[in-house]
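> My structure is below; once you've seen it, I'll send some questions.
The values are calculated or read from the model by the stated rules, or taken from the named source; none is laboratory data. Computed from a predicted model, the values in this text were never measured in an experiment. Neighbour counts are summed over all protein chains in view; Cβ atoms, including those assigned to glycine, are modelled from backbone coordinates with ideal geometry. Side chains included, ligands, DNA and RNA excluded: accessible areas come from the protein's heavy atoms. Shrake-Rupley method; radii C 1.70, N 1.55, O 1.52, S 1.80 Å.
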Amino acid sequence: MTHQPAQHPSYNTVMYEDAKSAQPAETTLDFVALEVPPHWDGKHTVSVTDDEGNDAQMTVEPCVANATRRAALLARYNLCSRIDLGLDSSGLHVVSVYWEG
């Protein structure tokens, strides 16, 4: 996992996180909208909307749950400009998360 916080005085530095599980991603969804329920425990599904407006409920690999939560929280306040999700072969299980602010 890589995390680069914004640094002073360079305000052009991009904050991002790239979290991956040991399971490889079979496919990637770029520029998704992600909604995590309040008090999400990392075990229940999250709502994902792709750039074409298709909605799905997806499970999340435990080792990328915190990155998923951060991406959703930052996006809610317009502090995250991009969320990409790597999915396993079923297409409904998140195995990697990349976000940038």
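> In segment 21-39, which residue that is in contact with a helix residue (DSSP H, G or I) (Cβ under 7 Å, 6 or more places away or on another chain) and crowded, with 16+ Cβ neighbours inside 10 Å is nearest to Glu100 (Cα to Cα)?
Leu34
> I need the full set of residues from segment 46-69 which are part of a loop (DSSP other than H, G, I, E, B) and buried (at least 16 other Cβ atoms within 10 Å of the Cβ), in order please.
Of all residues in segment 46-69, those part of a loop (DSSP other than H, G, I, E, B) come to 50-54, 61.
Of everything in segment 46-69, just one residue is part of a loop (DSSP other than H, G, I, E, B) and buried (at least 16 other Cβ atoms within 10 Å of the Cβ), namely Glu61.
> While we're here: Can you tell which of Leu85, Leu79, Leu34, Leu74 is in a strand (DSSP E or B) and either at positive phi or at pLDDT below 95 (or both)? Spell out how you get there, then give the answer.
Working: Leu85 fails: either at positive phi or at pLDDT below 95 (or both); Leu79 fails: in a strand (DSSP E or B); Leu74 fails: in a strand (DSSP E or B).
Result of the check over Leu85, Leu79, Leu34, Leu74: Leu34.
> Considering only residues that are of a type in the set (Phe, Trp, Tyr) and open to solvent by 40 Å² or more (accessible area, probe 1.4 Å), look in segment 70-101 and name the one that is farthest from Thr28 (Cα to Cα).
Checked segment 70-101; the qualifying residue farthest from Thr28 (Cα to Cα) is Tyr77.
> Write out, first by first residue and then by second, each pair whose Cβ atoms fall under 7 Å of each other, whose residues are 6+ apart or on separate chains, and whose first residue, in segment 44-65, is under 12 Å from Leu29 (Cα atoms) while the second is charged (D, E, K, R) and exposed (fewer than 12 other Cβ atoms within 10 Å of the Cβ).
Thr49/Asp55; Asp51/Asp30
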